[in-house]
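Here the structure comes first, spelled out in structure tokens, and everything after it is commentary.
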Amino acid sequence: MFRSPLASLLLLGQLALMSWMAHAAPVEVEDVMGRKVSLSLPASRIVLGFYPEDYLAVAGEGGADRLVGMSRGWFVKSRPAIWSLYVASLPQLAKVPDLGNVQDQSFSIEKTLAVKPDLVILAQWQYEALAPDLPRFEQAGIPVVVVDYNAQTLARHMASTLLLGKLTGQEARARTMADEYKAKIDTITSRIAAAKRQPPRVYIELGDKGPAEYSYTYGKDMWGAMALLAGGDNVAAPFVDRWGQIHPEQLLASKPEVILMAGYESVSNPEAMQVGQDVSAETVRQRLAGFAARPGWRDLPAVQQGRLYAVYHGATRSIMDAALIEFMAKALYPDLFQDLDPLATYQSFYRSYLPIRPQGTFMLGVNPSQAN
């Protein structure tokens, strides 16, 4: 059946109006803090405070084009090689205004208002730090939505991913991503529960200061929460709430059976734990050997048994941490998880959801015989 040109034009007009109304109609969403926020979806002018890879993974093609501002200093400083890969693939990212960092108190409310966003997405820790200034967004009619991958819990990872999907109009994509993550975590936790073993003692440290000085370890957040999911007994938990240093004597007395040293590819200390894009396995093992030589460490069960590992700090605070949790579980329970290939999990996520293909060393044991 054929329509007259006038009827066709009227139909197209009606469809366009319905599409505009669907886009413009305010929708109420609930963020990870339980806040009810009303906004028009999908958002088209977004300011992103943190979690750039999770945002780009969920938003998919065109996600970078929606960014009118971001806080990118931490990402560029700690992961410059990865940032370069993204800029090569998505040149528009280099043109997105940098609004400063909450960490060093350089984040600019004025610059954020100037780019006229229709949505500001913040990490929970950013929202809490910026609390005194946030009423200015409310006064300007700019909605603020909070996501949180820092807690490193299954519930928060799922909620944050699904929320990003709703905000960007990619709910089906986000649901697939979240379900895949849950399946991997469920595999780990169910096997450990069925095995009914004593949790191995594990210690995790950010090795940014090198062997001469103990740096951050983790209590209930980040690596501490990941250790719990991987079935470990985090020896720092009694001494550190969220993150902080443990006294060397406390660590030695705890006798960890597994030690993981976390690091980035970009380091200022020549002896720091270096892991990540373009970093060779030889370099990673050389840095691990430096930590193994710390005073008293040769007597620790983890060092004596060669259960000293390097892990990529850049893959934490992200739904990509499934690969690291697999790696931790395999380090803690090697016989239970022989079938897992954490590096393949890590690379597969990029192939499925992101435009870059990282190459380097992202997780590795001190002994050449240890596979990822």
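The values are calculated or read from the model by the stated rules, or taken from the named source; none is laboratory data. Note that the structure is a prediction, hence the values are computed from the model and not measured. Virtual Cβ from ideal backbone geometry, glycine too; neighbours counted across all protein chains shown. Protein only, heavy atoms only, side chains kept; ligands, DNA and RNA dropped before computing areas. Shrake-Rupley method; radii C 1.70, N 1.55, O 1.52, S 1.80 Å.
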**Study point:** Candidates Ser266, Ser280 - the one that is over 20 Å from Trp223 (Cα atoms), within 23 Å of the chain's Cα centre (by Cα) and not aromatic (Phe, Trp, Tyr)
**Key:** Ser280
Revision key, fill the gap. (1) farther than 19 Å from Ala129 by Cβ; (2) at pLDDT 95 or above; (3) touching a helix residue (DSSP H, G or I) at 6+ places or on another chain (Cβ under 9 Å) all hold for Val76 apart from (2)
Check your understanding: Counting residues that are out of contact with any Asp or Glu (no Cβ under 6 Å at 6 or more places or on another chain) and of a type in the set (Phe, Trp, Tyr), which helices (runs of 4 or more DSSP H) fully inside the stretch 278-372 reach at least 2?
Key -> 342-353
Revision key, fill the gap. Filtering the stretch 239-273 down to residues that are in a helix (DSSP H, G or I) and among the acidic types (Asp, Glu) yields Glu249
Point to revise | Filtered residues of the stretch 205-221 (kept if over 20 Å from Ala272 (Cα atoms) and touching a residue at least 24 places away in the same chain (Cβ under 8 Å)) | key: Gly219, Asp221
Check your understanding: Identify, please: which residue in the stretch 237-247 is open to solvent by 20 Å² or more (accessible area, probe 1.4 Å) and of a type outside the set (A, V, I, L, M, F, W, C) and is, among those, nearest to the chain's Cα centre (by Cα)?
Key -> Arg242
Exercise for review: Tell me, yes or no, whether the stretch 295-302 has at least one residue that is acidic (Asp, Glu) and surrounded by 21 or more Cβ atoms within 10 Å (Cβ to Cβ).
Suggested key: no
Review point. In the stretch 320-347, which residues are more than 16 Å from the chain's Cα centre (by Cα) and among the polar types (S, T, N, Q)?
Key: Gln338
Exercise for review: Output the residues belonging to the stretch 1-48 that are modelled with pLDDT of 55 or more and part of a loop (DSSP other than H, G, I, E, B).
Suggested key: Ala25, Asp31, Val32, Met33, Gly34, Arg35, Leu41, Pro42, Ala43, Ser44, Arg45
**Study point:** Residues satisfying the stated conditions in the stretch 42-94, i.e. within 22 Å of Ala262 (Cβ to Cβ), of a type in the set (D, E, K, R) and open to solvent by 40 Å² or more (accessible area, probe 1.4 Å)
**Key:** Arg72, Lys77
Practice item. Restricting attention to the stretch 204-236, report how many residues are within 26 Å of Glu265 (Cβ to Cβ), under 20 Å from the mean Cα position of the chain (by Cα), not small (Gly, Ala, Ser) and not in a helix (DSSP H, G or I). Key: 9
